[in-house]
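> Take a look at the following structure, please.
Each value in this text was obtained by applying a stated rule to the coordinates, not by laboratory testing. A quick note: this is a predicted structure, and the numbers were derived from the prediction, not measured. Cβ sites come from the backbone with ideal geometry, for glycine too, and all protein chains shown count toward neighbours.
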Amino acid sequence: MAQVSSIEWTEATWNPVTGCTKISPGCRHCYAERMAKRLKAMGQPRYRNGFRLTLQPDALEVPLRWKRPRMIFVNSMSDLFHKSVPLEFIRQCFDVMASAAQHTFQVLTKRPKRAADLADCLPWPSNVWMGTSVETADYIFRIDQLRRIPAAIRFLSLEPLLGLIEPLALEGINWVIVGGESGPGARRMDPKWVLEIRDACLQQNVPFFFKQWGGLNKKKSGRLLDGTTWDEMPMGGEVLHGERSVA
């Protein structure tokens, strides 16, 4: 339940939970759902339930066995704060993250309200980053919910970006990722939406990471924005700018 990741802003994935349910427009063409159905068809036992939410308790201690420090995306195939994940299981996940202090864990949820409501019941070591997904201005309320969480790093994944988010106030936010939708049925991302967000990050001194333009062939579409690859990240628990390269 852990593997090297091709996702540009992380190094590995860890999935103590698999499966989810759709709650907003960004979920329409969920890559995790497509992958779960494919793995079920291949006979992968962990995906015997397809995309139905399933706890994977035997995967809990996997990060403890990794000695080399790495960036780990938590539940790339689910949402740790889904209503069907018991608080005790969430606690167990956080206990593992606290114990595996050599790693940095990136927890991303579309349910930041539940995360905020449970925050006082959980440890928040500095190696646990907490993020939420926002696809249009209709879901900007998730950012306010994220601000209630006492994580060392709070980040936004504006992917798939499906509309203009303006103005984007980033107080209390330490990192912003933007990406277009990819795969079958991918919806178009307007470059103006991306530039608005990039400029807001520059004005508010927040690291900006441009993941992809997306589309049916995301590799062909590439990652350049204004001729530049934007790979900025918060580092070492402080908000520092990472790499920015010009093609």
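> Taking the dipole about the Cα centre of the chain, with the C-beta of Lys and Arg at +1 and of Asp and Glu at -1, give me whichever of Asn127, Gly214, Asn174 is farthest to the positive side.
The listed residue farthest towards the positive side: Gly214.
> If I take all pairs of Cα atoms in the range 152-247, what percentage of them are more than 15 Å from each other?
58 percent
> Output the relative contact order of the chain, whole-number percent, from Cα pairs under 8 angstrom with separation of 6+ residues.
For the chain, the relative contact order is 13 percent.
> Hey, another quick one. Could you work out the relative contact order of the range 152-247, using alpha carbon pairs under 8 angstrom and six or more residues apart, expressed as a whole percent?
Answer for the range 152-247 is 25 percent.
> Report the normalised scattering of the range 1-127 as log10 I(q)/I(0) at q = 0.12, 0.15, 0.19 Å⁻¹, calculated by the Debye formula with identical scatterers on the alpha carbons.
-0.43, -0.69, -1.13
> Is there a quick way to get the dipole size of the range 152-247? I mean about its Cα centre, with the Cβ of Lys and Arg at +1 and of Asp and Glu at -1; what is the value in debye to the nearest 20?
500 debye
> All other residues with a Cβ under 14 Å from the Cβ of Cys27 taken together, and with Lys, Arg as +1 and Asp, Glu as -1, what is their net charge?
That works out to +1.
> So how strong a dipole does the range 97-204 carry about its Cα centre when Lys and Arg Cβ are +1 and Asp and Glu Cβ are -1, to the nearest 20 debye?
Here the range 97-204 has a charge dipole of around 240 debye.
> Here is a further query. Quote to one decimal, in nm, the extra length available between Cys30 and Glu166 on full extension: 0.36 nm per residue of separation minus the C-alpha distance between them.
46.5 nm
> What net charge do the residues around Ser157 carry, taking every other residue with its C-beta under 13 Å from that of Ser157, with Lys and Arg at +1 and Asp and Glu at -1?
-1
> Using the charge dipole of the chain (Lys, Arg: +1 at Cβ; Asp, Glu: -1 at Cβ; taken about the Cα centre), state which of Val96, Ile165, Pro150 has its Cα farthest towards the positive end.
Val96
> Continuing with this model, one more query. If we count every other residue with Cβ under 10 angstrom of Arg46's Cβ, Lys/Arg +1 and Asp/Glu -1, where does the sum land?
Here the charged neighbours net out to +1.
> Using label points projected 7 Å from each Cα along Cα→Cβ, tell me how many nm separate Leu195 and Arg68, to one decimal.
Result for the modelled spin labels: 4.1 nm.
> So what are the chain's ellipsoid semi-axes, whole angstrom, largest first, if each one is the square root of 5 times an eigenvalue of the alpha-carbon gyration tensor?
27, 22, 18
> May I ask what percent, to the nearest 5, of DSSP beta bridges between residues of the chain are antiparallel?
Expressed as a percentage, antiparallel bridges in the chain total about 30.
> What distance in nm separates the two pseudo spin-label positions at Ala41 and Val4, each 7 Å out from Cα along the beta-carbon direction?
In this crude label model, Ala41 to Val4 measures out at 2.7 nm.
> Could I ask something else about it? Enumerate the whole-percent occupancy of each 10 Å bin, from 0 to the last occupied one, for all C-alpha pair distances of the range 1-61.
Each 10 Å bin holds this share of Cα pairs: 21, 49, 29, 1.
> Let me spell out the model: positive unit charges on the Cβ of Lys and Arg, negative unit charges on the Cβ of Asp and Glu, origin at the Cα centre of the chain. What dipole size does that give, in debye rounded to 20?
Charge dipole of the chain: 1100 debye, to the nearest 20.
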